[in-house]
Amino acid sequence: MWSKTQPCRSPICSSDLASGAAEMVRLLTKSPLPGEPKPEMLRRYYDGLRSGSEVVRQIKIADRIHNLREMPSGGVVFTERYLRDTVELMAVLEGTRGMELLRAEYAKAESAYLHRVLQGGGT
């Protein structure tokens, strides 16, 4: 069993599978470098997604679809920012299998957001 205090000693931890999984996690995680401004971190993150494997981009699509489905409880400011970020992400992921599902989920989330705002339910 792996823990933060005791390294994994299983043969799988030193295999290509483990190193491939670690690379996927690195590409899918927004981690600023020390002192790195947010715009630079995002540029580096999106460049990594663009150059990542099809599987990495599909995992990101699935993650964003899940997040859009869970978003209705978010406030207006958060939702507006998240929808804008999703448009930027869709441009990065264009051409990846699964994009049609992300576009459909985005349309639902945007429609629900607009309905909520027009009904005066935004906070």
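Coordinate-derived values only; no laboratory data. For clarity, every value in this text was computed on a predicted model and none was experimentally measured. Methodologically, a virtual Cβ is constructed for each residue, glycine included, from the backbone with ideal geometry; neighbour enumeration extends over all protein chains shown.
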Exercise. In nanometres, what is the gap between the two model label sites at E36 and D63, each 7 Å from Cα along Cα-to-Cβ?
Worked result: 1.4 nm
Exercise. Which value, in debye to the nearest 20, gives the size of the charge dipole of the range 11-118 about its Cα centre, when Lys and Arg are +1 and Asp and Glu are -1 at the Cβ?
Worked result: 180 debye
Exercise. Taking R0 as 41 Å, what's the FRET efficiency between E23 and S73 from their Cβ-Cβ distance, rounded to 0.05?
Worked result: 0.80
Problem set entry | Estimated distance in nm for a label pair at K108 and L83, the labels positioned 7 Å out from Cα along Cα-to-Cβ | 1.6 nm
Seminar exercise, completed: Once phi for every residue in the range 107-118 is put through the Karplus expression 6.51 cos²θ - 1.76 cosθ + 1.60 (θ = phi - 60°), the whole-Hz ³J(HN,Hα) values, with Gly and Pro written as x, are 4, 5, 5, 5, 4, 5, 5, 4, 4, 5, 5, 5
Seminar exercise, completed: Long-range alpha-carbon pairs in the range 11-118, meaning those over 17 Å apart, account in percent for 59 percent
For this session: Could you work out how far the C-alpha centroid of the range 36-56 sits from that of the range 93-115, in angstrom?
Result: 20 Å
Exercise. Using θ = phi - 60° and the Karplus form 6.51 cos²θ - 1.76 cosθ + 1.60, what ³J(HN,Hα) does each residue of the range 97-106 get, whole Hz, x for Gly and Pro?
Worked result: 4, x, 4, 5, 5, 5, 4, 5, 5, 4
For this session: Be a star and scan the range 43-58 for residues whose amide nitrogen sits under 17 Å from the point 7 Å along the Cα-to-Cβ vector of M90.
Result: 58
